[in-house]
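Q: Here's a structure for you.
Readers should treat all values here as calculations from the given coordinates under stated rules, not as data from a laboratory. In this text the structure is predicted, and so the values were computed from the model without any measurement. Cβ coordinates were reconstructed from backbone atoms using ideal geometry, including for glycine residues, and neighbour counts include every protein chain displayed.
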Amino acid sequence: MSDSFLFSLNDLLALGLFLGVWVFFALAADGKVFQRISLTTAMNAQREAWMRTMAKRELRMIDTSIMIGLQQGTAFFASSSIFAIGGCFALLGASDHVLAVVSTLPYVGTPPQGVFEAKIVGLIALLAYAFFKFGWSYRLFNYCSILIGAVPTTQEGIVAPHETEAAVMRAAKMNILAGKHFNAGLRGIFFSLAYLGWFANAGVFAATTLILLAVLVRRQFFSNARAAVLSSAKPL
């Protein structure tokens, strides 16, 4: 392999920072790093509360509508990931023209074509990861819809409360798992945006990674959305 295809030490350090931040935030969002409750963890509790409320309803059109909305949102992001992957392949085919344009930009280093194409392949990998997460999430939401239909009604629950509880927990766990994979897909999309900084240089890559981390940490642990989920039942 030619030296032109080797990443510099700064590139490798920035990539290591990127991957480390990704793993760190994924663990933090799942409540495995900080004691402070994350927005994701709080919403998982609400998903379980939703399933318990659903079990008390004999008519579940509301729950069906919510599930349809979740599936449609997941399908949208999956389709968007596919389109983005197609754009990256088109970029690979025109990498020489793109490099010619990049070389005219100020403060942006022009990498060898092989390095540039390797970075595009990395971006494709990120988007493919996001697509598969969204695809699996869509399927899990479909399974959750079936499990919701299998939850006994209130009258049946009086006869067999343990079976009702087990059915509620199956639906809740499937919903939480589907949400987990959906969130992982979203992280893939978010981090692919930070990854774009690498096309400028390693310093910009590290900066975009840290900026993204700050934004995501704020949303998970200090946002108004988190406060709204965790707020007690008081008048606004």
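Q: Along the charge dipole of the chain, Cβ charges K/R +1 and D/E -1, which of 55, 200, 114 sits furthest on the positive end?
A: 55
Q: Which of the lysines could a cross-linker span from residue 32 if the Cα-Cα distance has to be under 27 Å and same-chain partners fewer than 8 positions apart are dropped?
A: Filter leaves 133, 173, 180.
Q: State whether region 180-234 is rounded, prolate or oblate according to the following rule on the C-alpha gyration tensor (a ≥ b ≥ c being the square roots of its eigenvalues): a/c under 1.5 gives rounded; otherwise a/b larger than b/c gives prolate, and the remaining case gives oblate.
A: Cα axes put region 180-234 in the oblate bin.
Q: Another one. Test of understanding: ordering 181, 97 by Cβ neighbours within 10 Å, fewest first, what list do you get?
A: 97, 181
Q: Most fluctuating residue of 147, 19, 186 in a GNM of the chain with Cα springs under 10 Å: which is it?
A: Result for the chain, Cα springs under 10 Å: 19 fluctuates most.
Q: Continuing with the same structure: Taking +1 at the Cβ of each Lys and Arg and -1 at the Cβ of each Asp and Glu, which of 215, 17, 81 sits farthest along the dipole of the chain towards its positive end, judged by Cα position relative to the Cα centre?
A: Farthest towards the positive end: 215.
Q: Continuing with the same structure: For a test of the definition: using alpha carbon positions, the gyration tensor, and the 1.5 limit on a/c, classify region 1-76 as rounded, prolate or oblate.
A: oblate
Q: Another question, then. Taking θ = phi - 60°, what integer Hz values does the Karplus form 6.51 cos²θ - 1.76 cosθ + 1.60 yield along region 217-231, in sequence order, with x for Gly and Pro?
A: These are the phi-based 3J(HN,Hα) values: 5, 4, 5, 6, 10, 9, 8, 5, 5, 5, 4, 5, 5, 8, 6 Hz.
Q: Still on this structure, I have one more. With all pairs of different alpha carbon atoms counted, what Kirkwood hydrodynamic radius in Å does the chain show?
A: For the chain, inverting the mean 1/r across all distinct Cα pairs yields 20.4 Å.
Q: Okay, helix-only estimate at 222 nm for the chain: each DSSP H run of n ≥ 4 adds -39500 (n - 2.57), divide by all residues, round to 500 deg cm²/dmol; what do you get?
A: Mean residue ellipticity at 222 nm (helix-derived): -27000 deg cm²/dmol.
Q: Enter the angle in degrees (range 0 to 90, nearest 10) between the Cα long axis of helix 61-93 and the first principal axis of the Cα atoms of the chain, meaning the one along which they spread out most.
A: For helix 61-93, the angle is close to 10 degrees.
Q: Quick one: order 134, 77 by neighbouring beta-carbon count within 10 Å, fewest to most.
A: 77, 134
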